[in-house]
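Below is one structure, written out as structure tokens; comments come after it.
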Amino acid sequence: MALTKENKIKIIKDFGLHKKDSGSAEVQIALLTKRITELTEHFKIFKKDHNSRRGLLKLVGQRRKLLKYLKRKDIDKYLEILKRLSLRK
């Protein structure tokens with residue numbers, strides 16, 4: 001269910017600006033996206049898990065805020081991350 005250490009390290013390596021970058025908006029958005037996709041798979045099995053659904057909505061809101069920040073600060077990075085994560089279709 002939760003992200004493993006190896007998965008987090010891989011995501012940080014792919015989206016980070018440098019080796020130990022775990023706090024940039026790009027990395028945070030990628031980590032949130034991975035957690036959101038795992039939770040949506042969880043809800044395909046457990047349809048009545050409303051407590052976890054609330055957590056999912058909080059994660060989606062947090063990702064939306066980070067995307068809004070990134071769009072305001074650097075539109076090129078924003079467009080690149082949307083493309084790499086295939087968020088907006």
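No lab work stands behind these numbers, since they all come straight from the coordinates. This structure is a prediction, so every number in the text was calculated from the model and none was measured. So basically every Cβ, Gly included, is an ideal-geometry build from the backbone, and we count neighbours across all protein chains shown.
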- prompt: Pairs Lys34/Lys65; Lys8/Lys34; Lys34/Lys58; Lys5/Lys58; Lys10/Lys34; Lys34/Lys83: which are spaced more than 18 Å apart, C-alpha to C-alpha?
  reply: Lys5/Lys58
message: With +1 assigned to the C-beta of every Lys and Arg and -1 to the C-beta of every Asp and Glu, and no other charges, what is the dipole magnitude of the chain about the Cα centre in debye, to the nearest 20?
response: 320 debye
field: Sparse-neighbourhood loop sites, trypsin sites (Lys or Arg not before Pro) in segment 1-44 - DSSP loop, at most 16 other Cβ within 10 angstrom
entry: Lys19, Lys20
task: Principal axes first, then extents: for the Cα atoms of the chain, list largest minus smallest coordinate on each axis, whole Å, largest first.
output: 39, 28, 20
- line: Quick note on Glu6, Glu38, ordering by fewest other C-beta atoms within 10 Å, gives Glu6, Glu38
Taking the chain and dividing mean pair separation by its residue count, relative contact order in percent (alpha carbons under 8 Å, at least six apart): 24 percent
query: Based on the Cβ-Cβ distance of Arg72 and Asp49, what FRET efficiency does E = 1/(1 + (r/R0)^6) give at R0 = 35 Å, to the nearest 0.05?
result: 0.55
message: What are the membrane-span-like helices in the chain by this rule: whole DSSP H runs, Cα extent along the axis at least 18 Å, mean Kyte-Doolittle hydropathy at least 0.5?
response: none
message: Report the gain in length on full extension from Arg64 to Lys8: 0.36 nm times residue separation, minus Cα-Cα distance, nm rounded to one decimal.
response: 18.2 nm
